Amino acid sequence: MNRLEESDRPVVSKKRPNKAGRPVAEAVERRGLVKGNSLQRDMHRTQGRVRVKQALERIRQAAEREKGGKLTSLLHHIYSVDTLREAYYRLEREASPGVDGITWRQYGEDLETNLQDLSGRLARGAYRLEDKIVQRATVAVLNQIYELDFLDFSYGFRPGRSPHDALEALDKAIWNQKVNWVLDADVRSFFDAMVHEWAVTFVEHRIGDKRVLRLIRKWLTAGVLEDGTWSEVEQGTPQGGSLSPLLANIYGRLFGRGGTVASLLP
């Protein structure tokens, strides 16, 4: 798996570069989504969704058995073609292209072939691009672990929860018990100021698969490409990245528990 560290530094794109990774004419001339095999695509997705649900449930059960311990074999769940397919369909379809200049729709023109290729590269440690898909797949797997650890009154960036749920819980608390103060606070520039080493250290507290940790380090140090110019990022995590909200919750949870943080200090 050392090839993962030897590959070129990845880049997170804020804007579509003026010169895409392939000739613009080629991107424009590519055919539209194939209509003839829509039934086959639907079958792939339906069957794959069942397998993903079963796999995620096994991860959750393992996390429950290893409460407070590390899970050491996770990457194969991430590079499963079924997991990657679900991640693809959960992406914003009109989002800006990645650094390769390929849109969601263009990637889906030959989806199964692209996902098989991506799965193979992830397994070999040769993965470089398709950040959006792989990050979304990684979050789907890690959520099964961390949803067991997060406190029940935490609502931000969690599956099946929303700001409306938080307001409803606050309303019930105010009416059902004596409340003297309601404080509203925000951490200024939190995503910009997150320390990479601390973020990885906190993830290591629960995740023991070094291949997954390498992926996370790769994304954190990706840098930013804007107007064709790449700039290095020494701290912070890109807002808008699928992994960033989960990392923020892990980061906040452990910093909010002094005993846990103290046990991780060097």
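Taken together, the values in this text are just the output of simple stated rules run on the coordinates, not laboratory data. What you are looking at is a predicted structure, and each value in this text was computed from that prediction instead of being measured. With ideal geometry, Cβ positions are generated from the backbone for all residues, glycine too; neighbour counts draw on all protein chains shown.
Extension gain, W175 to S96, is 24.0 nm, computed as 0.36 nm per intervening residue step minus the present C-alpha separation. Seen from every direction in turn and averaged, the convex hull around the alpha carbons of segment 27-182 projects onto 13.0 nm². Label separation (D192 vs E232): 2.0 nm, computed from points 7 Å beyond Cα along the C-beta direction. In summary, segment 138-185 shows an alpha-carbon radius of gyration equal to 1.40 times the 2.2 N^0.38 Å reference for compact globular proteins. Measuring from centroid to centroid over Cα atoms, what is the spacing of segment 161-200 and segment 65-129 in Å? Comparing the Cα centres of segment 161-200 and segment 65-129, I get a distance of 31 Å. For segment 55-130, the C-alpha radius of gyration sits at 1.30 times the compact-globule guess of 2.2 N^0.38 Å, with N the residue count. Summary of packing: across the peptides 179-188, 62-71, the per-residue average of other C-beta atoms within 10 Å ranks them, highest first, as 62-71, 179-188.
Principal axis analysis of the Cα atoms in segment 95-226 yields extents of 59, 33, 32 Å, listed in decreasing size. Residues of segment 130-173 with amide nitrogen under 15 Å from the 7 Å Cα-to-Cβ point of E66? Label zone hits: 141-149.
Remark: segment 161-224 projects, on average over all directions, an area of 7.1 nm² (convex hull of Cα atoms).
Taking a sphere under 11 Å around the Cβ of V134 and counting the other residues whose Cβ falls inside, with K and R at +1 and D and E at -1, yields a net charge of +3.
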